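So the structure is just underneath, and the comments pick up after that.
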Amino acid sequence: MTSAEIFDDRPCVLGEGPSFDDRTGRVSWVDVGAERLLWRDLATGEAGETPFDELVSAAVPRAGGGVVLCMSAGVVLADADGTLHPLIPFHDTVQIDLRANDAKADPAGRLWVGTMNKKERSATGALYRLDPADGRLVRILDGVTVSNGLGWSVDAATMYYIDTPTRRIDAFDYDLATGEISGRRPFAEFPEDAGMPDGMCIDGGGFVWVAAWGGGMVRRYAPDGTLERTVTLPTSRVTSCTFAGPDLDLLVITTASVGDSAGQPGAGLTYSYRPGDAVGRAVDRFAG
């Protein structure tokens, strides 16, 4: 068992969705509870943030610059200069108990984004795929309560996915050419004392790193689903992680300061951990 260090000391209500963009040298993440996008330059230490007037649950880098913002009602394309393009709405936003949650681009440049039940009690959410060629959100999975972590194996033949209350990381067979998924099966399960699975990333060796909401740790799973190590944090609500830096050898970890973690020292801060024996992979960017 190893521990993480503070990477950024700005407290987040609900820090989420970190990513590293090698074009800018910045790590970015969102504070869902405070409606803002934060960033820190790894080379200079410079930090900044962009406020919004509504919830933003994820910010995924785009191939042409800028990011995709997953907001309350759907997806917004943001250019590098900050220009926002028209909303691509979710199909189910007539249900006021839903909001957007985690999102990732796949290795072919498609965007995957999920919705979640705001009270986290009923399976009214869904998982969508946005194909950049037609700009259309396709509903792929129904019956989701809290759509969370997404990731792809090194060969892109497997997609990993988390619906947090299931306490399970699932695996799908993935067709990179079409974006179709099949063969859903359990990959690994969280025991009661480990919290619940939240965001994830996949390293260059195919190991799966999963943040433990309520567990105060990140758990690293081998490609066969066995637990290989845990990285402890000083606060319980750990939300997501990503590899960053020129060598992609620094794991950056986001946390939250809501609920049970409120008042805990270090709650909501962003942390880092250098494994020494693992590196990540370059971020997959949305092609739209």
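Points to keep in mind about this one:
- When the chain is treated as a Gaussian network with alpha carbon springs shorter than 10 Å, the biggest mean-square fluctuation among Ala222, Ala267, Ala133 belongs to Ala133.
- When Rg/Rh (Cα atoms, Kirkwood Rh) is computed from the coordinates, the matching label among [x] 0.97; [y] 0.92; [z] 1.14 is [y].
- Residues with amide H under 5 Å from that of Phe90, placed H, sequence gap 5 or more: Gly74, Val75
- Sorting 181-190, 194-203 by average packing, meaning the other beta carbons within 10 Å per residue, from highest down gives 194-203, 181-190.
- Full-extension gain in nm, Thr44 to Leu84, via 0.36 nm per residue minus C-alpha separation: 11.6 nm
- Full extension of the chain between Arg23 and Ser3 yields a length gain of 4.3 nm, computed as 0.36 nm times the residue separation minus the alpha carbon distance.
- Across region 5-273, Cα pairs under 8 Å and at least six residues apart give a relative contact order of 16 percent.
- For the set Lys104, Lys119, solvent exposure ranked by accessible area (probe 1.4 Å, protein chains only) runs largest to smallest as Lys119, Lys104.
- Cα centroid separation - region 161-235 against region 6-54, whole Å: 23
- Heavy-atom SASA rank of Thr270, Thr124 (probe 1.4 Å, accessible area, largest first): Thr124, Thr270
- Length gained on full extension, Val258 to Thr230: 7.8 nm, using 0.36 nm per residue less the C-alpha separation.
- Cα centre as origin, Lys/Arg/Asp/Glu Cβ charges: the chain dipole, Debye: 320
- Inter-label distance for Arg167 and Val279, nm, one decimal - labels placed 7 Å from Cα along Cα-to-Cβ: 3.8
- Under a 5 Å amide H cut-off, with hydrogens placed 1.01 Å from N, Gly215 pairs with Met196, Val238 among residues at least 5 apart or on other chains.
- In order along region 239-255, phi translates into HN-Hα couplings of 10, 6, 7, 7, 8, 9, x, x, 9, 6, 10, 10, 8, 9, 10, 9, 9 Hz, rounded to whole numbers, per the Karplus curve 6.51 cos²θ - 1.76 cosθ + 1.60 with θ = phi - 60° and x for Gly and Pro.
- Relative contact order (%) - criterion: Cα under 8 Å, at least six apart; region: region 6-63: 30
- In Å², nearest 10: area of Glu49 left accessible to a 1.4 Å probe: 90
- On region 5-273, 52 percent of the accessible area sits on carbon and sulfur atoms, based on a 1.4 Å probe.
- Across the protein chains, with a 1.4 Å probe defining accessible surface, the residues Trp39, Trp209 rank Trp39, Trp209 from largest area downward.
- Sequence-ordered 3J(HN,Hα) estimates for region 56-61 from the Karplus curve with 6.51, -1.76 and 1.60 and θ = phi - 60° stand at 10, 9, 7, 9, 10, x Hz, glycine and proline given as x.
The values are calculated or read from the model by the stated rules, or taken from the named source; none is laboratory data. Just so we're clear, the structure is a prediction, and the values are computed from it rather than from any experiment. Heads up, the Cβs are rebuilt from the backbone with ideal geometry, glycines too, and the neighbour counts pull from every protein chain shown. The area values use the complete protein model at the heavy-atom level, side chains included, leaving out ligands, DNA and RNA. Shrake-Rupley method; radii C 1.70, N 1.55, O 1.52, S 1.80 Å.
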